[in-house]
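A.B. asks: Below you'll find the structure I mean.
The values are calculated or read from the model by the stated rules, or taken from the named source; none is laboratory data. In this text the structure is predicted, and so the values were computed from the model without any measurement. Glycine gets a Cβ as well: all are built from the backbone with ideal geometry, and neighbour counts include every protein chain shown.
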Amino acid sequence: MSTRVGIASILPASLVAGTALLSVATLPSGAEVNEHPSSKDSPFIQEWRQSDAAPVALSGLDKFDDDFRHFKYVSVIDDYKDLSKQEKAMPSVCYNIAFSRLRKHDFVNAEAPLRSAIARGFKGYDGYPTPAQLLQRIEKLKRLCPPLKSDIISGAVRIKVFSREMPWYASVNAELPKFLERAKESFGDSAPPISFYFFDTFADYRAFFLTLFEVEGERKNQEGTGNYNVVVFTAKNEKGEDTGTDLNFKHGCILHEYCHALCNTIYGDNYLDHIPGWLDEGLADELARPYFTKTHFPYYKKYLAESSVKERPPSLEEMSKTMHYGSKDRYPFAHEMTDHMLEERGVTLFRPLLTKARELNGDFAAAIKDVSGKTVDSIYEQTVSGFWK
Ligand SMILES: [Zn+2]
């Protein structure tokens, strides 16, 4: 459950994440990103965080409206399915569903209801973009979006790839079937479909990124990200060089971001506000294990061993709430914590953990105890004592 109050305390956790990994000097340069644009949602976010309102039994249009007011856009999309034909034709409903789909990066399906809202003369709400502004954004995204390149399906698990033909793509494409199998192994046969958007120039990627997420990532030169429904990556960095010339590194980074996308999509509303930073990154690194075993993990151990003689360990609070800011590299510590958590069950713990945390309204500590049998404190202590003697 989110107990943080005030927009200032929310923004960083939501906006950042994921870039510290690159500060390990010994790693090859490449892509890790992971904006978290859930945040700068709206004028009311502050009140909502403060109240963390008690659940009220609502249904139908009341629930749809209530979820919209509380920025629960995944729930809004779900509620919409139960509305009647008449309700779906209401101008405000048309706008709200369009806005929600766009917030959750489904710009394709946002367009039709938005056009209905406009045709019915809907003007919008104070503090929200007008319907015409939203439509402009959708049109821009359609213009910037590369063509559908492949649609890879394994059982119910699916990756749609939007990309132009380019050499960078060929090597990634060859790995994607393995990504699907890794997703099934970790999240089960019903892992949600994710759309991948690959760009051949940094400028095109950047334009799409900013239009889709409406927010800067932590670093202007970040090279990819995973979020609700989507993975976005560029083949060229800011300097025009190929991102990830080391193939294991490149494929691992994309798989890492795919994990963020899967976790976010499975968990739904408030994922980035609820999940502790170390866990979000630790799970993503663990999914990428088949590649990171060669590129990242050996450096992680070395890094922690070196840190332990120079400085105090990061606190649990820092690992949970401010993982991504500050100058220290905390990915190695997060990876180590996650390793201890997964000792018994490995990646099969991913799905039950997210489901349990959702059930407990974001109490990840209780969920971890429930599915792994370990407390977060013991996982943290085990990590510290492994290196800080
Ligand atoms: Zn990450």
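A.B. asks: Kindly provide the set of residues from segment 306-358 that are of a type in the set (Asp, Glu) and not in a loop (DSSP other than H, G, I, E, B), ordered by number.
C.D. replies: Matches in segment 306-358: 306, 317, 318, 336, 339.
A.B. asks: Which ones in segment 110-128 are among the acidic types (Asp, Glu) and under 25 Å from the mean Cα position of the chain (by Cα)?
C.D. replies: 111
A.B. asks: Let me ask you something else. Of these, 314, 332, which one is away from the ligand (no atom under 16 Å from the Cβ), over 22 Å from residue 171 (Cα atoms) and crowded, with 19+ Cβ neighbours inside 10 Å?
C.D. replies: Matching residue, one of 314, 332: 314.
A.B. asks: Could you say whether any residue in segment 338-346 is surrounded by 21 or more Cβ atoms within 10 Å (Cβ to Cβ), of a type outside the set (Asp, Glu) and assigned by TED's automatic domain parsing to the domain that holds residue 182?
C.D. replies: Looking through segment 338-346, at least one residue is surrounded by 21 or more Cβ atoms within 10 Å (Cβ to Cβ), of a type outside the set (Asp, Glu) and assigned by TED's automatic domain parsing to the domain that holds residue 182.
A.B. asks: While we're here: I want to confirm something. Restricting to segment 272-294 and keeping residues that are within 15 Å of the ligand (Cβ to nearest atom) and either outside the structural domain of residue 338 (by TED's automatic domain parsing) or within 18 Å of residue 176 (Cβ to Cβ) (or both), which single residue is surrounded by the fewest Cβ atoms within 10 Å (Cβ to Cβ)?
C.D. replies: Residue satisfying both the conditions and the ranking: 289.
A.B. asks: Then there is this: Would you tally the residues in segment 128-163 being exposed (fewer than 13 other Cβ atoms within 10 Å of the Cβ) and touching a Phe, Trp or Tyr at 6+ places or on another chain (Cβ under 8 Å)?
C.D. replies: Qualifying residue count for the region: 3.
A.B. asks: OK, next. Is it true that some residue in segment 138-157 is farther than 30 Å from residue 345 by Cβ, more than 22 Å from the chain's Cα centre (by Cα) and without any contact (Cβ under 8 Å) to a residue 12 or more places away in the chain?
C.D. replies: Checking segment 138-157: at least one residue is farther than 30 Å from residue 345 by Cβ, more than 22 Å from the chain's Cα centre (by Cα) and without any contact (Cβ under 8 Å) to a residue 12 or more places away in the chain.
A.B. asks: While we're looking at this one, here's another question. Right, residue 299: within 23 Å of residue 248 (Cα to Cα) and either in contact (Cβ under 8 Å) with a residue 12 or more places away in the chain or outside any helix (DSSP H, G or I) (or both) or not?
C.D. replies: It is true that residue 299 is within 23 Å of residue 248 (Cα to Cα) and either in contact (Cβ under 8 Å) with a residue 12 or more places away in the chain or outside any helix (DSSP H, G or I) (or both).
A.B. asks: Give the residues of segment 235-265 that are within 16 Å of the ligand (Cβ to nearest atom) and either among the hydroxyl-bearing types (Ser, Thr, Tyr) or not assigned by TED's automatic domain parsing to the domain that holds residue 295 (or both), sorted by residue number.
C.D. replies: Selection gives 243, 258, 265.
A.B. asks: In segment 70-109, which residue that is under 20 Å from the mean Cα position of the chain (by Cα), more than 14 Å from residue 130 (Cα to Cα) and among the aliphatic types (A, V, I, L, M) is surrounded by the most Cβ atoms within 10 Å (Cβ to Cβ)?
C.D. replies: This residue is 76.
A.B. asks: Out of the residues in segment 376-385 that are surrounded by fewer than 20 Cβ atoms within 10 Å (Cβ to Cβ) and without any contact (Cβ under 8 Å) to a residue 60 or more places away in the chain, state the one that is farthest from the chain's Cα centre (by Cα).
C.D. replies: Checked segment 376-385; the qualifying residue farthest from the chain's Cα centre (by Cα) is 385.
A.B. asks: Take residue 281 and tell me if it is among the charged types (D, E, K, R) and either assigned to a helix (DSSP H, G or I) or closer than 25 Å to residue 251 by Cβ (or both).
C.D. replies: In short, yes.
A.B. asks: Let me ask something else about it. Confirm whether residue 213 is modelled with pLDDT of 95 or more and in the same structural domain as residue 267 (by TED's automatic domain parsing).
C.D. replies: The answer is no for residue 213.
A.B. asks: State all residues of segment 229-271 that are part of a strand (DSSP E or B) and surrounded by fewer than 19 Cβ atoms within 10 Å (Cβ to Cβ); if no residue qualifies, say none.
C.D. replies: 242
A.B. asks: A follow-up question, please. Of 346, 373, which residue is on the phi > 0 side of the Ramachandran plot, without any contact (Cβ under 8 Å) to a residue 24 or more places away in the chain and out of contact with any helix residue (DSSP H, G or I) (no Cβ under 8 Å at 6 or more places or on another chain)?
C.D. replies: The match here is 346.
A.B. asks: Shifting gears a bit: Quick one: which of 170, 174, 203 is in a helix (DSSP H, G or I), among the hydrophobic types (A, V, I, L, M, F, W, C) and over 22 Å from residue 248 (Cα atoms)?
C.D. replies: Unique residue meeting the criteria: 203.
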